[in-house]
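No lab work stands behind these numbers, since they all come straight from the coordinates. These numbers come from a predicted model, not from an experiment. FYI the Cβ positions are ideal-geometry reconstructions off the backbone, even for glycines, and counts take in every protein chain you see.
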Amino acid sequence: MSEHQPGTELSRRSVLRGMAAMGAVAALGSQATGADTGTGTLFPNGFDPETPVESHHPGAPRFISVDEPIVNPVWTLGADTRGLDADEPPAWALWDKGRDNLAPRLPDLRADPHDYDAGDFTWTLVDWPEASDGPDAVVSFATATGDDLGRYDEERDTVAEFRADAPGDYVLELEAPDGIHELTLHAFPRGNGGAAVYKGDPDNAPRLELEATYDEDTEEFRLETNAQRAPGVDSSSDDLWGVFRADDRDALSTGAIEEGDDGLRATIPADALEGESARVHAAVYDDGTAKKSSQDLVVLDPDGSVDLPNRPPEWMADGIMYQLFPRSWAGEREATTLETLISGDDDTGAPGLDYLEEMGVDAIWLTPTVPATSVERQLDGELSGGGPHGYDTADYTGVSEDLVPDGEDPLEAYRRFVQECHNRDIKVVFDIVINHAGRTNSLFEDTIDESADGPGPWDTVTEWDEDHRAFDWWDRAEVPRRNEDGELLEAEPRPTGFADLQVMPNLNFENLALREYIMGVADFWSRPQSAGGMGVDGFRADIAYGVPKSVWKEIREISRHNNDAFLMFDETIPRDASYTESEFDMHHDTAGFLNQAQQVAADDAHGGSLFDTIGERTQIGLPDHSLVVNALENHDEHRILNQAAVDLHDPNHDDIDDGTWAYYANRVRCCAAAAFVLPGVPQLYYGIERQISRYGEGRHLGDDDHRGYDDDGSINVDADVREGGRQRAFVNWEDGPDEYHTNFFQNLATLYDEVEALHPAAEFDGISFEADDDDELLLCERRVSRREDIDGPSTVAAIVHFGDGDTEVEIDAKYEGYDLFKDEDVLLEDHGDTITVEVGDLIVLPADDDEEDDDLEGTYRILSDHSGKALDVADVSTDDGANVHQWEYVGGDNQHWTLEAVGDNEYRIVAGHSGKVLDVENASSEDGANVHQWEDVSGDNQCWFVEPVGEADSLYTITAVHSGKVLDVEGVSGDDGANVHQWEYVGGDNQHWRLEEV
């Protein structure tokens, strides 16, 4: 039986190209067999899955908008209607990125999960807004997504869907075996999309950065949303408002939360916690744009401590990721094992982990290493799609035999690999693929009752075993699958698949037993080795948007329980802020930075355009604490150098001259430099440092290899494996580029490690400059507070030159003419206020921190940027301790402040009417500590750093020297009398101040 079907050889890249220029996974497979798993454990002997979940309660409160559905369509990225008199499901159902449902959590994970009965769980709407039409209008189960393609449903109704029809609070009641649980859902007004609604327009969504402090004097917690409008939106701070909700699982009630007038801040008496920790959730809404933010979470403890569990692990926030396609590492076909990755291969010249350690790698993301359908086909001598890619899982708790060293236990070999990585301070990120599995997964194969030879690449399924425990573990439609001639491929109810491919059936997360199994899988890989698990440090979630968000929330809870620094990394294209909601720490940016970098490398876009991709992340509401990868390529996308230098439709690498290769290799290096100096986590794909596009061997086998061609015989440039393709090529260890290219990447990593101002948390702005009009440049300033204990200078200017040779650039003289990247002097001329520097490809210049120590001495009115109101001493008091707040400017001396330099860019800020200085009460370093006036006693709590905000005219942050916290208008209030205190800098307009001389 031939596996090749003209017109059906589909890749992930071609499926998603119209949506976001995504990448590839192969299409078809061959019949394989698996063991009977109708009963018995699904985990390796001795492993009992565990969870920190304590009850069937469905979890955290939800914040939605009116008519924003919580629904999980049965189709993902396509529906195969060949041979059927049927229309495709609506576009929202095929391409929705907000898949979700409401499900009971599972406190007891069994090694042999079986179905739950329909009567085990009952959902009832018990409270709703007066304007709502009530239960029948908002609660549903297993929604069908297309009149002609009915959804198979066993009608257990254990997992619910929801769509609010009016603003306000709704309360769902879940009756479960362990009691009755209530879940609150808050609906904001109907809007224009927002951070959590992909199928709306996500642009211009507000964002928040929830924080809390404990006041020992009043014995209460103070919560701040730090809400911010999207940059440049046509709304005011008065349009922002927020909502706080207590977690229904905790003793704290929402009624005990005392919200401010606008809901952007709240106080909670400590005794309202009733001696237990309490989770508090919040989200904000912008009336000006009719958009909501993603939601955030803070955990309060009765001892006064505060935790922010939505924040990413520090090791990734400061780290560099290296993606590795393991089967290509040795440089030859079927030559790589886990031992090769650890120690290298003398025969092929491949190095091991020491190479990656020397490269400065902090984390390795391995594409799938589990047994998979595509790998099994390869081992059987077939032409496997994708490389093989491994994204069609046959066994979720195994290690593929081709990667296991001879004589070694597969799981122990993988554990040893993790241990060796940890010995080098390298983390391991596991690629978890749970949107779909592989057709040879025994849990799927055993649901086939009868099959026969047929016209397709697999035996035709004529009857399913509907009594098998795993039958309902797969999304199914109440139609058969047929080919274009109407011939039967699979009987009704046939499974759906990723892009509706037969080889990758979709998992059904409406089924609680399947959810229980997947939670056990997450526990297996994330649990420390000392406790019997595999001990990986993070999950990269393939097709994260195809899995209900409720699943990721529970997986995060399990993995963070096993390892409180565990990383969750999503593939959502385009990036989606809603996946920050107690789900993921880090996000792909394929539709943004990666795609733009490929255009820049190919000379189809200006290098400076990469600057704009960073601002787009804020524009869609991604919180400031979220990590986003700056990648140039990955296993699904074209190699950046290949797509730049090679005609993909007619590739002939040998005919390209050295000058052309060199030209585009330089542009690739410049794109890599941008990935390291712009905000984001730098990610390298294996072999980019070796120019694998030029020197590596692709996986296509030549004339006898049918893969990667369209019906007319032309090359399908979106296919995973094709003539001239290099996505998953073998690394060229013997031949390669000159040392400059390889060293460039290692030197970037060294620079990144030594200069903390380049890390994601550092601020980011543009730079004024003068250069020739023809110069192709990217410039940015990155800075962190000098009050922090940091590596390297606090402020740097990065300049990337995408052209040939050297050029000259004139910039502000606050920067030094010394390049930290190449460790050399680049100053050409000092003009006094400006300097001219020489730029080859990249220079990174430190700022002279003492350059402008006294430039701001003078008397000013100090105006809050968000409200336009003036910093004011209350009641024109001259007393010590008189409060400082904001007030409409009326020209009083109590609104005039003199800045007196005290050195190292520090100032005393003196009230014009009293001679008293701006002072943080009791020299507190806590968020929320009050600011008042006091007699000058030369305390650090009376000294302030006054630093410009990017290139903005006269706009500054005012930061207390003793604490590193900034002057902040409480609650982002626009009212006269709104209090001024200190708070950690989060970039809000209420933390920016205009200095206008008087």
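If only the Cβ of Lys and Arg carry +1 and only the Cβ of Asp and Glu carry -1, the dipole of the stretch 126-263 around its Cα centre is close to 660 debye. Between the listed residues His981, Gly352, Leu514, the Cα displaced farthest toward the positive end of the dipole of the chain, a dipole computed from Cβ unit charges relative to the Cα centre, is found at Leu514.
Shape annotation for the stretch 858-997: C-alpha extents along the principal axes are 33, 32, 28 Å, from largest to smallest. For the stretch 515-604, the Cβ-based charge dipole about the Cα centre amounts to some 320 debye (Lys, Arg positive; Asp, Glu negative; other atoms uncharged). Seen from a random direction on average, the alpha-carbon convex hull of the stretch 755-846 projects onto 5.9 square nanometres. Taking other C-beta atoms within 10 Å as the exposure proxy, Leu758, Leu297 rank Leu297, Leu758 from fewest upward. Per residue, the convex hull spanned by the alpha carbons of the stretch 296-355 comes to 145 Å³. Taking other C-beta atoms within 10 Å as the exposure proxy, Thr460, Thr340, Thr580 rank Thr460, Thr340, Thr580 from fewest upward.
In the chain, the calculated helix contribution to ellipticity at 222 nm averages -4000 deg cm²/dmol per residue, counting -39,500 (n - 2.57) for every DSSP H run with n ≥ 4. In terms of its C-alpha gyration tensor, the stretch 74-173 comes out oblate, because a/c is 1.5 or above while a/b does not outweigh b/c. Candidates His653, Ser924, Leu223 compared by Cα position along the dipole of the chain: farthest toward the positive end lies His653, with charges placed on Cβ. Each Cα pair under 8 Å and six or more residues apart adds its separation to the average, and for the stretch 755-846 the resulting relative contact order is 28 percent.
When +1 charges are put on Lys and Arg Cβ atoms and -1 charges on Asp and Glu Cβ atoms, the dipole computed for the chain relative to its Cα centre reaches about 1960 debye.
What is the Cα centroid distance between the stretch 88-104 and the stretch 212-253, reported in whole angstrom? Comparing the Cα centres of the stretch 88-104 and the stretch 212-253, I get a distance of 30 Å. Considering only Gly903, Val233, Tyr889, the residue lying farthest towards the positive end of the dipole of the chain is Val233, judged by Cα position with unit charges set on Cβ. Here, the stretch 595-699 has an Rg and a Dmax of 14.6, 47 Å when only alpha carbons are counted. Looking at the stretch 93-164, the GluC sites (Glu not before Pro) that sit in a DSSP loop and have at most 15 other Cβ atoms within 10 Å of their own Cβ are Glu130, Glu155. In whole angstrom, the stretch 665-821 maps to an equivalent ellipsoid with semi-axes of 38, 18, 15, each derived as √(5λ) from the alpha carbon gyration tensor and ordered largest first. Its residues counted as N, the stretch 226-328 yields a C-alpha radius of gyration over 2.2 N^0.38 Å of 1.42. Legend: ranking of residues Phe945, Phe188 from fewest to most surrounding C-beta atoms inside 10 Å; resulting order Phe945, Phe188. The count of lysine pairs in the chain whose Cα atoms are under 25 Å apart, excluding pairs fewer than 8 places apart on the same chain, comes to 19.
The alpha carbons of the stretch 937-980 give a radius of gyration and a Dmax of 12.4, 34 Å, in that order.
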